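Undergrad: Dropping a structure here in structure tokens format, bear with me for questions.
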Ligand SMILES: Nc1ncnc2c1ncn2[C@@H]1O[C@H](COP(=O)(O)OP(=O)(O)O)[C@@H](O)[C@H]1O
Ligand SMILES: [Mg+2]
């Protein structure tokens, strides 16, 4: 990376952000990593004396431009980890830095700023506004982003140039998910976090969605993290992170990334 991104500048500009001026604790580990986590623990207290350790000591570095597949059984902590990376949730213990900036103790305003500038989210369900066209759904976000791409460009990137004026009800599940991806990436986030983006889709449609994520990663250099419990998807990744009971059990680097179109499940 040559220049700091707007997102990092945004964080630095916030005077109340406690980590903003502090040097990273371990420069060697954090200078190049976009995300650096150390000993992340998340404990939920769903009621009574019950305690759920959703994350149990996560040490992880994620780098700009990587395509990561996060694999694990249901309940292994995948969504918890993704939500913490994306500033939707905060860890109980441990540290999280983004571009060397401490997010662990960031206040709500700093986290909101981080999410708004740096992170695009894609979830299993598309959450499009039914009364707005594809273009309008994307424009909702680009209207409030500092350096957006035109909605048309974002939709073309996910292969929906000919569906801009369709309403969600006029689109297939895969097309709706690709609108959601266009919406997530139109503000040019450095990070795209996808929680089971193909979970509600059949194989053929799922592949068009993965192809859209892969293209965004390749053409915009966006760090993409894809959660799945589907091992077949792992081949498209640079690195595959296996999660079990809130711990990383393996990180495997693929010798080469497989084309999404060769995947099947
Ligand atoms: N808000 C919450 N309150 C209580 N327990 C939770 C909450 N969110 C997740 N959990 C629990 O934490 C564990 C990990 O959940 P999650 O991160 O959603 O796993 P995954 O995405 O891998 O299925 C599970 O045992 C889940 O029940
Ligand atoms: Mg989940």
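Undergrad: Rounded to the nearest 10 degrees, what's the angle between the helix 108-118 long axis and the longest principal axis of the chain, both from Cα atoms, 0 to 90?
TA: Between the helix axis and the principal axis of the chain, the angle is about 50 degrees.
Undergrad: What distance in nm separates the simple spin-label points at residue 202 and residue 105, each placed 7 Å from Cα in the Cβ direction?
TA: With each label point 7 Å from Cα toward Cβ, the separation is 5.4 nm.
Undergrad: Next question, about the same structure. Given points 7 Å out from each Cα along the Cα-Cβ axis, report the residue 90 to residue 251 separation in nanometres with one decimal.
TA: Label at residue 90, label at residue 251, 2.6 nm between them.
Undergrad: On a full-extension model of 0.36 nm per residue, what is the gain between residue 265 and residue 52, subtracting their alpha-carbon distance, rounded to one decimal in nm? Before the final figure, lay out each step's value.
TA: On the way: separation 213, 0.36 × 213 = 76.68 nm, distance 3.19 nm.
Result for the pair: 73.5 nm of gain on full extension.
Undergrad: How large is the helix-only mean residue ellipticity at 222 nm for the chain, computed as the sum of -39500 (n - 2.57) over DSSP H runs with n ≥ 4, divided by its residue count, in deg cm²/dmol to the nearest 500? Write out the running numbers ahead of the final one.
TA: Working: 8 runs with 77 residues, N = 265.
For the chain, the value works out to -8500 deg cm²/dmol.
Undergrad: Let me ask something else about it. Express in nm, to one decimal, how much length is gained between residue 215 and residue 232 on full extension, taking 0.36 nm for each residue of separation and deducting their alpha carbon distance. Can you show the working numbers first?
TA: On the way: separation 17, 0.36 × 17 = 6.12 nm, distance 1.85 nm.
That works out to 4.3 nm of additional length.
Undergrad: Treating each Cα of the stretch 72-170 as an identical point scatterer and ignoring solvent, apply the Debye formula and state log10 I(q)/I(0) at q = 0.24 Å⁻¹.
TA: Relative scattering, expressed as log10 I(q)/I(0), comes to -1.21.
Undergrad: Whole number please: convex hull volume per residue of the Cα set in the chain, in Å³?
TA: Working: hull volume 36.7 nm³, N = 265.
With only Cα atoms used, the chain gives 138 Å³ per residue.
Undergrad: Quick check on the stretch 135-239: take the gyration tensor over C-alpha atoms, sort the square-rooted eigenvalues as a ≥ b ≥ c, and tell me if it's rounded (a/c under 1.5), prolate or oblate. Before the final figure, lay out the partial values.
TA: On the way: a/c = 2.09, a/b = 1.27, b/c = 1.65.
It is oblate, given that a/c is not under 1.5 and a/b is not larger than b/c.
Undergrad: Once both axes come from the Cα atoms, what is the angle between helix 203-220 and the longest principal axis of the chain, in degrees from 0 to 90, rounded to 10?
TA: Its long axis makes an angle of about 60 degrees.
Undergrad: Also, I was wondering about something else. So if R0 is 35 Å, what FRET efficiency would residue 144 and residue 166 give, r being the distance between their Cβ atoms, rounded to the nearest 0.05? Let's see the in-between values first.
TA: Numbers: r = 23 Å, r/R0 = 0.66.
My answer for the efficiency is 0.90.
Undergrad: Then there's this: Out of the DSSP beta bridges found with both residues in the chain, what percent are antiparallel (nearest 5)?
TA: 55 percent
Undergrad: In addition: Which of these, 91, 197, 146, has the largest mean-square fluctuation under a Gaussian network model of the chain (Cα springs below 10 Å)?
TA: 146
Undergrad: Specify the inter-centroid distance of the stretch 169-241 and the stretch 32-54, based on alpha-carbon positions, in whole Å.
TA: If you average the Cα positions of each part, the centres end up 25 Å apart.
Read-outs throughout are calculated quantities, based only on the coordinates presented, and are distinct from any laboratory measurement. Values in this document were obtained by computation on a predicted structure and should not be read as measured data. Reconstructed Cβ throughout: ideal geometry from the backbone, glycine too, with neighbour counts over all protein chains shown.
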